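Every read-out reported here was derived from the displayed coordinates using simple, explicitly stated rules and does not represent laboratory data. Since the structure is predicted, the reported quantities are computational estimates derived from the model, not experimental observations. Every residue, glycine among them, receives a Cβ derived from its backbone with ideal geometry; neighbour counts consider all protein chains shown.
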């Protein structure tokens, strides 16, 4: 049992390192670029990978590798920012709603229901299109839809915690409702919510890439992985490397974030995982 | 015993041969089916063949259910008779059209001047675009003679009647949008909700028996998917993107055909909005556009660079009046002379008033316009001008609203084989596509004269005169004239070399079949 726990901890540490390295790499990646990612060369359009252009060139002769390196921070950090914002908004609203209960809780949760009633991607696309596209508007659209999951989760956790003895004790000791929420309830809800957040990162990267693929994301000429896929789709058959490398970059990052989320889940919710493993057996 | 076995074997062979022969005969009976795309017209109404709506009339012509009175020769753009035998301008405002004898519609009804009159009345009344062009006051039908009276002199009447949207159909049939009946070689059997149609041949077609037995038109395949559909055999012919032509050019299973087109890709440079109000900046931009690089890099060389409204092969081309050639140094010099300097050292020029120059480029995300805009963004950057790209689904509305510096645009400069349908809306004061609010008295006078002049030489002279005045303002930068392509499967035969593209003459459809 202990061995299993240590194994899980090791796994978490390894994935944390990988994620940490990835996040640092995204920031310093432009240093490794051998070409200007914005410099077009119309005499070298859609060139296959070569010694000069390791991942080939795109539809106006720009170095794909350099654009991937420059686009890394934009693609990954935009998703992280969205997860952070949705997390904060969702946890705040869900916790307050669950704690105060009554009519306010009913109203907030029905609003959450109504937001969640729409397919999330379609709703996000509609909002982004309405706002007029662009990176900032995409992030607003994703945040406007994404917070509801955290709100629902935070509320359910608060409902289960607020009747516990340590909360009653805090109340008896004269703490205000705000203090009780901040100092006792939310800290005890965090493990579950953080796991949810870590698992959301991969989805957010995909969603952001999806919006960019639909032309709603980053404006040209700035590189972003989803945008690069969108721009390359016309050359899918004649220059497949233009699609392959941005696609692989997205795949790798999403996989890393998902594995990190899983390992974090194993560490923070060991009971739940053990129970589900037993059920499987 | 052996003989019995042999007999049984022989009988078996005969039966098997019979089955095979039967199946083979079945295949023959199925006949030739042609499958090609006929996209929904540019409308919110979904797929419709109702000629009252936008460009829906030409869908019937494309499918082979209806035809026009005249067609344009693909090569010379001359007006040729089709359902009509001839046309004559008997007075300034009066035209007589003689309808061909012996033509019947697919429901057996004889084609008379009265049938034509009712169809034309419907189109001229309900389709504003065509109605405005024709400006018909009244029509009279007498036997096979149709008399058309116009409100003003309409020199282009024969060309208007050869517009693929000006089809002749039976107005007494019930449903024009899904069951239009005309004189064409094929009869519409069914149309699904997406607009995919099945048609069978019209055995009583007036030009002869149609070569194919069945036609299937596809409206649910987007233009992006034409390449894949050609490769899988779902389509027999289609026009593909320039980037995909390489997949077919050396493939023995396909044939690629090209057609010079009058469609120009060009830029509107707005003299009424922010930085491009400055004449010097507009002039510099004209020198900064590297047409050769754009043609080869963005459009794979499938076109012809131009510094003129009209292609060189057209009679309206004027070699004496052209826009300047690409010269980046000259562009920089013009800006420097006009007081543009990089005062803050950020690589972007500051206007004489000190503000960083930033233009907006509005474009559609189709026909390579987004890529073209990205290339322009880099070319302008090379002379120190920053820009941002706005991809829009409604460029026409955006340009009409006037809040743009540069608009990328495509327009057929030789609609109906003539220059007037481009020059009038684009250069006449306050006309519909005059997005830069260009206004010149001489140009307006030339256009007014052109509208009432039938003489082709005089029209060419007027077109050349107009070109003397329109380039100097640098409000439009002409980049290239495109070359249309059509990829067909090798087994499809009797397709004329120029089949496909704008203003297609579909009167040849009845001859197309498969080997």
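Take the Cα coordinates of chain A, assign each an equal point scatterer, and use the Debye formula without solvent to give log10 I(q)/I(0) at q = 0.06, 0.10 Å⁻¹.
-0.25, -0.64
Which angle between 0 and 90 degrees, to the nearest 10, do you get for helix B:279-288 versus the longest principal axis of chain B when only C-alpha atoms count?
The answer is roughly 50 degrees.
What's the exposure ranking of A:224, B:388, A:266, going from fewest to most Cβ atoms within 10 Å?
Listing A:224, B:388, A:266 from fewest to most nearby Cβ atoms yields B:388, A:266, A:224.
In nanometres, what is the gap between the two model label sites at residue A:24 and residue B:329, each 7 Å from Cα along Cα-to-Cβ?
Rounded to a tenth, the inter-label distance reads 5.0 nm.
Label-point separation (nm) for residue A:171 and residue B:355, each offset 7 Å from Cα along Cα-to-Cβ?
6.1
Could you list, bin by bin from short to long, the percent of Cα-Cα pairs of the range B:372-421 in 5 Å steps?
Each 5 Å bin holds this share of Cα pairs: 5, 16, 20, 17, 17, 13, 7, 4, 0.
Could you work out how much longer the chain between residue B:366 and residue B:280 gets when fully extended? Use 0.36 nm per residue separation minus the Cα distance between them, nm to one decimal.
Taking residue B:366 through residue B:280 to full extension adds about 27.9 nm, to one decimal.
Only Cα pairs under 8 Å and at least 6 apart count here; give the relative contact order of chain B as a rounded whole percent.
18
Tell me, in nm to one decimal, what length is gained between residue B:88 and residue B:194 on full extension, where the rule is 0.36 nm per residue of separation less the Cα-Cα distance?
So the chain would gain 34.0 nm between residue B:88 and residue B:194.
Taking only the C-alpha atoms, wrap a convex hull around chain B and report its volume per residue in Å³ as a whole number.
Cα convex hull per residue, to the nearest whole number: 174 Å³.
What is the helix-to-structure angle for B:456-470, meaning the angle in degrees between its Cα long axis and the longest Cα principal axis of chain B, kept from 0 to 90 and rounded to the nearest 10?
40
When you count, for each residue, the other Cβ atoms within 10 Å and take the mean per peptide, how do B:246-256, A:141-151, B:172-182 rank with the highest first?
Going by the mean number of other Cβ atoms within 10 Å, highest first, we get A:141-151, B:172-182, B:246-256.
If you average the alpha carbon positions of the range B:329-386 and of the range B:128-190, how far apart do those two centres end up, in angstrom?
49
Evaluate the distance, in nm, between pseudo-label points positioned 7 Å from the Cα of residue B:344 and of residue B:213 along their respective Cα→Cβ axes.
Each label point lies 7 Å from its Cα, and together they span 7.3 nm.
What whole-number distance in Å separates the alpha-carbon centres of the range A:205-221 and the range B:403-459?
Each part's Cα centre sits 39 Å from the other's.
Based only on other Cβ atoms within 10 Å, what is the fewest-to-most ordering of B:215, A:185, B:348?
Least crowded to most crowded, the residues run B:348, A:185, B:215.
Can I get the semi-axes of the range B:260-483's equivalent ellipsoid? Compute them from the C-alpha gyration tensor as square roots of 5 times the eigenvalues, in angstrom, largest first.
29, 19, 16
Please give the FRET efficiency for residue A:129 paired with residue B:228, using the beta carbon to beta carbon distance and R0 = 25 Å, rounded to the nearest 0.05.
Efficiency at R0 = 25 Å is approximately 0.40.
Be a star and scan the range B:143-160 for residues whose amide nitrogen sits under 19 Å from the point 7 Å along the Cα-to-Cβ vector of residue B:73.
What the label zone holds, given the 19 Å backbone N cut-off, is B:156-160.
Work out the mean other chain Cβ neighbour count within 10 Å for the residues of B:366-378 and drop it here as an integer.
4
Specify the angular offset, from 0 to 90 degrees and rounded to the nearest 10, of the alpha carbon long axis of helix B:113-126 from the longest principal axis of the alpha carbons in chain B.
Roughly 40 degrees between the two axes.
Hey, got the Cα dimensions of the protein assembly as shown along the principal axes, in Å, largest first?
Rounded to whole Å, the extents work out to 108, 105, 62 Å.
Cα centroids of the range B:239-314 and the range B:464-496: how far apart, whole angstrom?
Taking the Cα centre of each part, the range B:239-314 and the range B:464-496 sit 8 Å apart.
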